[in-house]
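S.K.: Quick one: the structure is below, and I'll ask about it shortly.
The values are calculated or read from the model by the stated rules, or taken from the named source; none is laboratory data. Keep in mind it's a predicted model, so treat the numbers as computed, not measured. Note that each Cβ is placed from the backbone with ideal geometry, even for glycine, and that neighbours are counted across all protein chains shown. In case anyone asks, the SASA skips ligands and DNA or RNA and just uses the protein heavy atoms, side chains included. Shrake-Rupley method; radii C 1.70, N 1.55, O 1.52, S 1.80 Å.
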Amino acid sequence: MPTPVLYCRDPLRPKRVDEHFAAEAAAVRAAGGAVALVDHDALLAGEPDRAVASVPVDLPEAAWYRGWMVPTDRYAELADALARRGVRLRVPPGRYRAVHELPGWYRAFEAVTPASAWLPVTPGATVADEELAELAARLPAGPGIVKDFVKSRKHEWHEACFVPDLADTVRLGRVVRRFLDLQGDDLAGGIVLRAFEPFDDPEVRVWWRDGSPELVTPHPDSARIRCPEPDLAAVRPAVEALGGGLVATDLARRTDGAWRVVEAGSGQVSDLHPDVDRAGFAALLTG
Ligand SMILES: Nc1ncnc2c1ncn2[C@@H]1O[C@H](COP(=O)(O)OP(=O)(O)OP(=O)(O)O)[C@@H](O)[C@H]1O
Ligand SMILES: [Mg+2]
């Protein structure tokens, strides 16, 4: 049976795959996979049954989701709505949450990723300086970065991401509150503080399927297409601990030469560098 892959539909041409994923979906079809469409806007609007209305019913094989990021509670609604159509997801909601959000993957990766501490925050809520000082005290002294359970505001680096000294609570509070403002309702889970580590090169994205590293690509932000082969010996057991499915790990070489995991995430929602051969990637899903 062909492996079903659920792609986000194009908002303007609903019978087509969103342009951002169109080449990849074509490669999946060419590799013998079966492409179906979900309406990402409807899913995020809290209408999961409408989101999956065009997915064929009673698929014998479990489906991958592949597309724009889905918050963990919406992913659980997606799984339920699909189940009502007799369709299973390859990655159940609990496993998606564990891979998508830092608090889910951090313990397994603790030895290979910057030290991190987090605080659940609901969108629209604020955080007191004392709470932030307590959080920062759990990390080594020195610079840090701010993000939520999934994303940073790396493009607003000085304003809402980088903290030169975690012990400077006034500055930390300013960066965190600016971050919360900018994230608004899109805040995922809460605040994460991470120890800053100096890295040398652009990041390398390693794609794992069921615990095995299948593909090494440049990070989508990287200007180069060739990338070094990172040392994965210490990363493999961490990925294995997350269980099966698609995992993407972003690795960078620290200035002392150690390969570090900048972040882990679900390969179902990680972006693929535009120059990467789509056929190679499709094999990850259909093979
Ligand atoms: N602990 C750290 N030490 C040094 N630099 C960091 C650290 N964490 C993040 N960075 C830098 O900030 C960037 C953004 O961080 P991160 O990858 O965690 O966020 P993101 O918004 O999820 O990014 P992506 O676009 O990869 O999804 C990283 O690519 C890296 O350059
Ligand atoms: Mg990243």
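S.K.: Only Lys, Arg, Asp and Glu count, each charged at its Cβ (+1, +1, -1, -1), so figure out the dipole size of the chain about its Cα centre, rounded to 20 debye. Please list the in-between numbers first.
M.R.: Details: 34 positive and 43 negative charges, 129 e Å.
Roughly 620 debye for the chain.
S.K.: Going toward the positive end of the dipole of the stretch 48-153, with +1 on Lys and Arg Cβ and -1 on Asp and Glu Cβ, which of Gly142, Pro120, Met69 do you reach last?
M.R.: Value: Met69.
S.K.: If the label point is 7 Å along Cα→Cβ of Asp200, which residues in the stretch 234-269 have backbone nitrogen under 20 Å from it?
M.R.: 234-235, 250-263
S.K.: Taking the Cβ-Cβ separation of Glu47 and Ala233 as r and a Förster radius of 35 Å, what is the calculated FRET efficiency to the nearest 0.05? Please report the intermediate quantities before stating the final value.
M.R.: Working: r = 45 Å, r/R0 = 1.29.
For R0 = 35 Å, the calculated efficiency reads 0.20.
S.K.: Given the rule -39500 (n - 2.57) for each run of at least 4 DSSP H residues, summed and divided by the residues of the chain, what is its mean residue ellipticity at 222 nm, to the nearest 500 deg cm²/dmol? Don't skip to the answer; put the middle values down first.
M.R.: Numbers: 11 runs with 93 residues, N = 287.
After summing the helix terms and dividing by residue count, I get -9000 deg cm²/dmol.
S.K.: With every protein chain present, what is the per residue accessible area of the chain (1.4 Å probe, Å²)?
M.R.: Working: 12890 Å² over 287 residues.
Per-residue value: 45 Å².
S.K.: Just to be sure I understand: if I project the alpha-carbon convex hull of the stretch 112-167 onto a plane and average over all orientations, what area do I get in nm²?
M.R.: Numbers: hull surface 17.6 nm².
So the mean shadow area of the Cα hull is 4.4 nm².
S.K.: Grab every C-alpha pair in the stretch 174-287, bin the distances at 5 angstrom width from 0 up to the longest one, and report whole percents.
M.R.: Whole-percent P(r) values from 0 Å outward: 2, 10, 19, 20, 19, 15, 10, 4, 1, 0.
S.K.: For the chain, just list the percent of Cα-Cα distances falling in each 10 Å bin from zero outward, please.
M.R.: It works out to 6, 27, 34, 23, 9, 1, in whole percents.
S.K.: Whenever you get a sec, compute what percent of the accessible area on the chain sits on carbon and sulfur atoms (1.4 Å probe).
M.R.: On the way: 6590 of 12890 Å².
Taking all protein chains in place, the chain shows 51 percent carbon and sulfur surface.
S.K.: Now for a separate question. Can you say what percent of the DSSP beta bridges in the stretch 1-154, counting only those with both residues inside, are antiparallel? Round to 5. Display every interim value, and only then the final one.
M.R.: Working: 2 of 11 bridges.
Of the beta bridges lying entirely in the stretch 1-154, close to 20 percent run antiparallel.
S.K.: Rounded to the nearest 0.05, what FRET efficiency do Asp185 and Glu131 give with R0 = 25 Å and r taken as the Cβ-Cβ distance? Could you check? Let's see the in-between values first.
M.R.: On the way: r = 21 Å, r/R0 = 0.84.
Step by step, r from the Cβ atoms, then E = 0.75.
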